[in-house]
Amino acid sequence: ARATVATAFAAALVGWQGVAALDNGLGRLPPMGYNTWNDLGCAEMSEAGVKAAADALIKTGLRDLGYVYVNLDDCWHAPIRNLSSNQLMPDPLRFPSGLKALSSYVHDRGLRFGIYTDRGALTCAGRPGSLGHEELDAQTFADWGVDYVKEDNCFSTKGPNDQETLFAQFGKFRDSLNRTGRPIFFSVCGGGGQLPFSNLSYYATDSRGGEALANSWRVTSDCTDWHTCKFAFEVAGPLASNAVPGGLNDPDMLLGSSLACPRWLSPDRSRTQFSLWAILMAPMLLGTRISDLTPFDLETYSNSGVLAVSQDRLGKQGFCLSRADSRSVWGRPLAGGDWALLFLNDDWFFAADVVCDAACWDALAFPSGSLVFVRDLWQTGTLTQSQVTAGVGLAVLVDARGASIMLRLTPVTTSP
């Protein structure tokens, strides 16, 4: 996996050409890695903490599964810019070796290095933003060997949702990154400065947004608990037609189940989020402490069957196929005619059958009456058969409170 990642990145370096829109050759598959925000936050942001996360990706085997991005979020900055060069600087107490050295540390371990900025004058945590310094900051990041930039939305000149201004300012940073000559994944985060449960789907649907603007774009405000995560995937689902290889809807980071982190989900809900993000072709950035993963979370993030869905080369996002009260079925078309299905039960109290009914089967495009191989990607033991008949209601018993079952369906004309 490490060689494959390195080869793909080298190809992007060779093939990239500066352009007015984003087309930088990156994000053809959803990026996988780690982000500091739900782990280190501001209080613990440090060079040592980032190095520990990078080392833990290797020790746990996650790097070799494709988790290669090590992304700094807010609070890496010094409180002011360099007085002589006007460049952004890392906090000298938190990052005594500097970010170019930290970038080299990350790259030397077969990983990629990401960083954070804001389109406003300040970041969400009050550090210097990039407004008016787009060219300088983009070049600084390129000189530091940055591979991924997340640009946030706080302290903007006309508020967080003035679309003329935000598309112009995010677009200016996009163009500045292009002009550096270095392929850098560009992640637009319109979630900064927003109230909880803000629907930001216009980033996907507006002609100035989507793949013309960024490699990924947030579609809601932050995902901080089950309710906000549920809102995020419900917004992302109907935007499936706006996602393409190189341009992805982003429902925010993955939350683990460890109580040691400031934001977490129950084990069942954490695993459901991971599975749904694979269905949604979303970025897979771990927002948890990698050096202290629970065995359950490591098993979740290492599931090869779900990761194969996430990284499927057909490059089509999934969506909700059917819904009945608090139960829903989500599906994603895969290369070779396969489909991934997720059966979700969000009832608070009771386990229940979640059913892919006739309308659900119609969306899957398997010929009615044909045999389909079925594989339980979490090996829960719920399924009693390895084949089902297309068009016949497929009922799966799922526990309550956000639990789910994930299946992969393969037509019988293809080897399962």
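The values are calculated or read from the model by the stated rules, or taken from the named source; none is laboratory data. Everything quoted here is computed from the prediction, not taken from an experiment. All Cβ positions, even for glycine, are placed from backbone atoms using ideal geometry, and neighbour counts span all protein chains on display. Keep in mind that these areas ignore ligands, DNA and RNA; they rest on the heavy atoms of the full protein, side chains included. Shrake-Rupley method; radii C 1.70, N 1.55, O 1.52, S 1.80 Å.
Structure notes:
- If you take the alpha carbon atoms of the chain and fit the smallest convex hull around them, that volume is 133 Å³ per residue.
- Proximal charge balance of Asp152 [Cβ under 10 Å; K/R count +1, D/E count -1]: -1
- Summing charges over neighbours of Ala232, with a neighbour being any other residue whose Cβ is under 15 Å away from its Cβ, gives -2 when K and R count +1 and D and E count -1.
- When Lys59, Lys230, Lys158 are compared by accessible surface with a 1.4 Å probe, the order from highest to lowest is Lys59, Lys158, Lys230.
- Highest to lowest packing among 294-300, 126-132, 215-221, scored as the average C-beta count within 10 Å: 215-221, 126-132, 294-300
- Nearest-10 value in Å² for the accessible area of Ser326, using the 1.4 Å probe: 40
- Cα-centred dipole magnitude for segment 251-302, charges only on beta-carbon of K, R (+1) and D, E (-1), debye, nearest 20: 80
- Inter-site label distance for Asp292 and Ala260 at 7 Å from Cα along Cβ, in nm: 0.4
- Cross-link reach list, lysines versus Lys51, counting only Cα pairs under 18 Å and skipping chain neighbours closer than eight places: Lys59, Lys100
- Sorting Asp362, Asp39 on solvent-accessible area from highest to lowest, probe radius 1.4 Å, gives Asp362, Asp39.
- Lysines whose Cα lies under 16 Å from that of Lys150, excluding same-chain neighbours fewer than 8 positions away: Lys172
- Heavy-atom accessible surface of the chain: percent carbon and sulfur, 1.4 Å: 55
- For the pair Ser104 and Leu383, the difference between a 0.36 nm per residue extended length and the Cα-Cα distance amounts to 95.7 nm.
- To the nearest ten degrees, helix 47-59 and the longest principal axis of the Cα atoms of the chain are 30 degrees apart.
- In the chain, the calculated helix contribution to ellipticity at 222 nm averages -8000 deg cm²/dmol per residue, counting -39,500 (n - 2.57) for every DSSP H run with n ≥ 4.
- The C-alpha atoms of the chain define a longest principal axis, and helix 2-15 lies at about 60 degrees to it.
- Gain upon complete extension [Asp206, Ser302; 0.36 nm per residue less C-alpha separation]: 31.0 nm
- Excluding ligands, DNA and RNA, the accessible surface per residue across the chain is 38 Å² with a 1.4 Å probe.
- Extension gain from Ala78 to Lys158, taking 0.36 nm per residue of separation minus the Cα-Cα distance: 26.3 nm
- List Val149, Val412, ordered by accessible area with a 1.4 Å probe, largest first: Val412, Val149
- Estimated vicinal HN-Hα couplings, Hz - segment 376-392 in sequence order (Karplus 6.51, -1.76, 1.60; Gly, Pro = x): 7, 6, 9, 6, 7, x, 5, 6, 10, 9, 9, 9, 10, 9, 4, x, 9
- Neighbourhood charge, 11 Å Cβ-Cβ cut-off, centred on Asp297 and excluding it, Lys, Arg +1 and Asp, Glu -1: 0
- Degrees separating the helix 226-236 axis from the principal Cα axis of the chain, which is the longest one: 90
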